1. Quick one: which of Glu225, Glu192, Glu221 is part of a loop (DSSP other than H, G, I, E, B), open to solvent by 10 Å² or more (accessible area, probe 1.4 Å), among the acidic types (Asp, Glu) and farther than 20 Å from Ile51 by Cβ?
2. Restricting the stretch 22-49 to residues that are touching a Lys or Arg at 6+ places or on another chain (Cβ under 7 Å) and in contact (Cβ under 8 Å) with a residue 60 or more places away in the chain, which is farthest from Gly164 (Cα to Cα)?
3. Pairs needed: first member in the stretch 128-141, at negative phi; second member anywhere, exposed (fewer than 12 other Cβ atoms within 10 Å of the Cβ) and in a strand (DSSP E or B); C-beta distance under 8 Å; at least 6 residues apart or different chains.
4. What residue, among those in the stretch 111-120 that are more than 19 Å from Phe27 (Cβ to Cβ) and outside any strand (DSSP E or B), is most open to solvent (accessible area, probe 1.4 Å)?
5. I'd like the residue in the stretch 150-174 that is charged (D, E, K, R) and assigned to a loop (DSSP other than H, G, I, E, B) and, out of all such residues, is farthest from the chain's Cα centre (by Cα).
6. Please verify whether the stretch 190-212 includes one or more residues that are touching a Pro at 6+ places or on another chain (Cβ under 8 Å) and of a type in the set (D, E, K, R).
7. Within the stretch 175-186, can one find any residue that is assigned to a strand (DSSP E or B) and open to solvent by less than 20 Å² (accessible area, probe 1.4 Å)?
8. Inside the stretch 121-149, can you point out the residues that are open to solvent by 20 Å² or more (accessible area, probe 1.4 Å) and in a strand (DSSP E or B)?
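The values are calculated or read from the model by the stated rules, or taken from the named source; none is laboratory data. Just so we're clear, the structure is a prediction, and the values are computed from it rather than from any experiment. Virtual Cβ from ideal backbone geometry, glycine too; neighbours counted across all protein chains shown. Accessible surface areas use protein heavy atoms only, side chains included; no ligands, DNA or RNA. Shrake-Rupley method; radii C 1.70, N 1.55, O 1.52, S 1.80 Å.
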Amino acid sequence: MITKKVNNVQEAIKGIENSMTIMFGGFGLCGIPENTIAALVNTSISDLTCISNNAGVDDFGLGLLLQKKQIRKMISSYVGENAEFERQMLSGELEVELIPQGTLAERSRAAQAGIPAFFTPAGYGTEVAEGKEIREFNGKMHIMEEAFKADFAIVKAWKGDEAGNLIFKGTARNFNACMAGAGKITIAEVEELVPVGTLDPNQIHIPGIMVQRIFQGEKFEKRIEQRTVRQK
């Protein structure tokens, strides 16, 4: 069995360079690869294009990369929790491509599956469709969307084994599952790394063939973006 285990996050991010395109899994602040993001913040890497459902918050997640001006372009579907993102976008410092959330997921999954493009009705008649091929299917107009092309895909899982097999938990499965294998190299940080054979094969969400590097993260914060509590 080929082991995908690396000793630490510094080994995991080896090869990430300026101007690369990187996919980041997670949904809001749930299931984001926070150890890997923190490691990138501690480097001088810049001019990145980041593909992510969101842009984190000002002091956590991708918001930390934005603070250090390490991101040149964000491709996202929801960015409403980050004031620094808003400032950079409105000032022209940050290039932004906003796309429908389902399209973001499908462009990731298409890259994972090796499908170069697909047609979707989402975005037809809006700015999203500008410059894209349009075709009619069953009386309804669709636009062509291309699969993402990323140098690295970085995901976070609940459990993984040394062969790279992954299990996600709850909402953290959002975007992590479709981004694993969607980049030339996939890095997985996990809460618990176990020996091969430990995981129940029937519970595995992503097979190890889609992962090139895996390591066990530490000190996960698991923050909540908006906390709502009941009045006493």
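1. Values: Glu225 fails: farther than 20 Å from Ile51 by Cβ; Glu192 fails: part of a loop (DSSP other than H, G, I, E, B).
One residue alone meets the criteria, Glu221.
2. Here the residue is Leu29.
3. Within 8 Å, the pairs are Met141/Arg135.
4. So the residue we want is Pro116.
5. First, the residues of the stretch 150-174 that are charged (D, E, K, R): 151, 156, 159, 161-162, 169, 173.
Then drop every residue that is not assigned to a loop (DSSP other than H, G, I, E, B), which leaves 162, 169.
Details: Glu162: 21, Lys169: 16 Å.
It comes out as Glu162.
6. No: zero hits.
7. So far as the stretch 175-186 goes, yes, one or more of its residues are assigned to a strand (DSSP E or B) and open to solvent by less than 20 Å² (accessible area, probe 1.4 Å).
8. Ile134, Arg135, Glu136, Phe137, Lys140, Met141, His142, Met144, Glu146
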